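The values are calculated or read from the model by the stated rules, or taken from the named source; none is laboratory data. What you are looking at is a predicted structure, and each value in this text was computed from that prediction instead of being measured. Cβ coordinates were reconstructed from backbone atoms using ideal geometry, including for glycine residues, and neighbour counts include every protein chain displayed. Ligands, DNA and RNA are excluded from the accessible area calculation, which covers all protein heavy atoms including side chains. Shrake-Rupley method; radii C 1.70, N 1.55, O 1.52, S 1.80 Å.
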Amino acid sequence: MTKGGMESVEVFTSEGKGRGLKAQKEFLPGDVIFAEPAYAAVVFDSLTHVICHTCFKRQERLHRCGQCKFAYYCDRTCQRAAWLNHKNECSAIKRHGKAPTENIRLAARIMWKMEREGSGLSEGCLVSIDDLQNHVENFGEEEKKDLRVDVESFLEFWPPQSQQFGMQYISHIFGVINCNAFTLSDQRGLQAVGVGIFPNLCQANHDCWPNCTVIFNNGKIELRALSKISPGDELTVSYVDFLNVSEERRRQLKKQYYFDCTCEHCKKQIKDDLMLAVKEGDNKPSAETVKEVIQFSKDTLEKINKARLEGVYHEVVKLCRDCLKKQEPVLGDTNLYLLRILSIASEVLSYLQMFEEAADYAKRMVDGYMKIYHPNNAQLGMAVMRAGVTHWHAGLIEAGHGMICKAYAILLITHGPSHPITKDLEVMRVQTEMELRMFQQNEFMYYKMREAALKNQKIQVMPEPSNETAPSLFHKKE
């Protein structure tokens, strides 16, 4: 079953998992299997005035829609491109007096598109919106309550002159959004800025150790191969971060997506031993000590979250240092809780421009990640990139250049050469390579020139640490 631009994949019925996607030809790591524009997409409520509603790029100055005063665009080109999808929304916002929440806006855009095109297969889609799973029957009491509120808000917003849909169908659309929506990131892939529905991508089943990854690039979602894929192989993506023990990943997947994961890594608990590692040898800690340190780590992470929300970064550093003192004699180098603290410490210290200490923690974090993550994992690539930049700031040019090269090799596969973050990384790679050559020829001269260069330019400050993890592509309300 293939449609325009989708001839390299087919939908099949996967045993015990419902529908899935299968490769029709061979793919190598980094190949784009397909790129899919959103069926419908909206900007998050909190960012509607700083992100273009057409291309989802972050811009300093945006043009506002003169009619509804709600939608913002890069320029006239983006505004014209948006009109087909914005026209009904524009008059509905004016009639309603204000814009509703992102969920309501997304549901409305989906239904206006159906009003225009019918609810059958859209061009280039392997499945229709009607065929997507909604899992409404699996909702708990809290989710059912949220659904009722969404449906009521939708009915208040939906114009009387538009095609009227039944309550059951409206609930289906909200169910589809709840378990099939994807997060859209800004042009550099560093911040989640919106949410959309991509019917073809929804067909890819989950695996904790997948053969594909998903990236938002240039207005489309790309499904990219992470390893060699043969014709007939199922195409899988990971719905959750691998950096959790199998039991926790399975709990998340059951809660958020209503299925029991039976992938190889969960069944055999592969890598769990690394994520739970404790110190070995003569000073092996007792089970009681390990339990205490894990509890202390969990309590510290809660305190860290609170301090980060309040922007008290020196307090975050103190909490991390105290926690590391307790963890280091007890937990192994790949232990999840140690890696979480190292990650926060390196990010916050970089922001505070305490680069040498940050680099030490970043190096240990990356060494641990390398043993746990798939070698072509996007989150691993981003972490190695951040660690490389931190090392460069600390004046550790050899290690910094090595990490930037490693990150570039990963991102070429996960993001591709045309993605803005890969292009940025290529510039860094060339610059650090040049600096490394200079360093190897004359170390003293290199430091003198570096000092002068840093004096003449504003120090490049690391971005303020955010409380969000890197944008997850699977949009899910916690």
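Structure summary
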| item | result |
| --- | --- |
| Accessible-area order (highest first, 1.4 angstrom probe) of the listed residues F198, F355 | F355, F198 |
| Whole-angstrom gap from the range 114-162 to the range 22-44, using each part's C-alpha centre | 23 |
| Heavy-atom accessible surface of the range 51-94: percent carbon and sulfur, 1.4 Å | 46 |
| Long-range amide H partners of N211 with built H, under 5 Å | T236 |
| Binned Cα-Cα distances of the range 141-197, short to long, each 5 Å bin given as a whole percent | 4, 16, 21, 19, 17, 12, 9, 3, 0 |
| 5 angstrom amide H check on N205, placed H, neighbours 5+ away | L21, V237 |
| Carbon plus sulfur fraction of accessible area for the range 198-354, probe 1.4 Å, in percent | 48 |
| Space enclosed by the convex hull of the alpha-carbon atoms of the range 14-146, per residue, Å³ | 185 |
| Average accessible surface area per residue within the chain, 1.4 Å rolling probe, Å² | 49 |
| Peptides ranked, highest mean first, by Cβ atoms within 10 Å: ranges 306-318, 433-445, 376-388 | 376-388, 306-318, 433-445 |
| The chain, relative contact order [Cα under 8 Å, separation at least 6], % | 16 |
| Loop-resident sites, the range 335-375, for trypsin sites (Lys or Arg not before Pro), counting at most 13 other Cβ within 10 Å (DSSP) | none |
| Per-bin percent of Cα-Cα distances, the range 261-369 [5 Å] | 2, 12, 20, 21, 18, 13, 8, 4, 1 |
| Cα long-axis angle, helix 378-393 against the chain (0 to 90 degrees, to the nearest 10) | 40 |
| Dimensions (Å) - the range 350-441, Cα atoms, principal axes, largest first | 32, 26, 23 |
| Interchain or long-range residues, amide H under 5 Å from V278's placed H | G332 |
| Percentage of interatomic Cα-Cα distances in the range 374-425 larger than 15 Å | 38 |
| Angle between the chain longest axis and helix 102-117 axis [Cα atoms, degrees, rounded to 10] | 50 |
| With Cα atoms, 0 to 90° folded angle of helix 420-441 axis to the chain main axis | 10 |
| Tail weight of P(r) past 25 Å, computed on alpha-carbon pairs of the range 88-224, percent | 32 |
| GluC sites (Glu not before Pro) within the range 114-211: DSSP coil, no more than 16 neighbouring Cβ in 10 Å | E123 |
| The range 277-292 - phi-based ³J(HN,Hα) in whole Hz, Karplus 6.51/-1.76/1.60, Gly and Pro as x | 4, 10, 4, 9, x, 4, 9, 4, x, 6, 4, 5, 4, 4, 4, 4 |
| Cα-only radius of gyration and Dmax that characterise the chain, units Å | 24.1, 77 |
| Whole-Hz ³J(HN,Hα) from phi, Karplus 6.51 cos²θ - 1.76 cosθ + 1.60, for the range 404-410, glycine and proline x | 5, 5, 4, 4, 4, 4, 5 |
| Per-residue [θ]222 nm for the chain (sum of -39500 (n - 2.57) over DSSP H runs n ≥ 4, rounded to 500) | -16000 deg cm²/dmol |
| Partners for K303 among lysines (Cα-Cα distance below 18 Å; same-chain residues under 8 apart left out) | K318, K325, K326 |
| Ordering of 20-27, 220-227 by packing [mean C-beta count within 10 Å, highest first] | 220-227, 20-27 |
| In order through the range 9-20: 3J(HN,Hα) via Karplus (6.51 cos²θ - 1.76 cosθ + 1.60), integer Hz, x for Gly, Pro | 9, 9, 8, 9, 8, 9, 4, x, 10, x, 6, x |
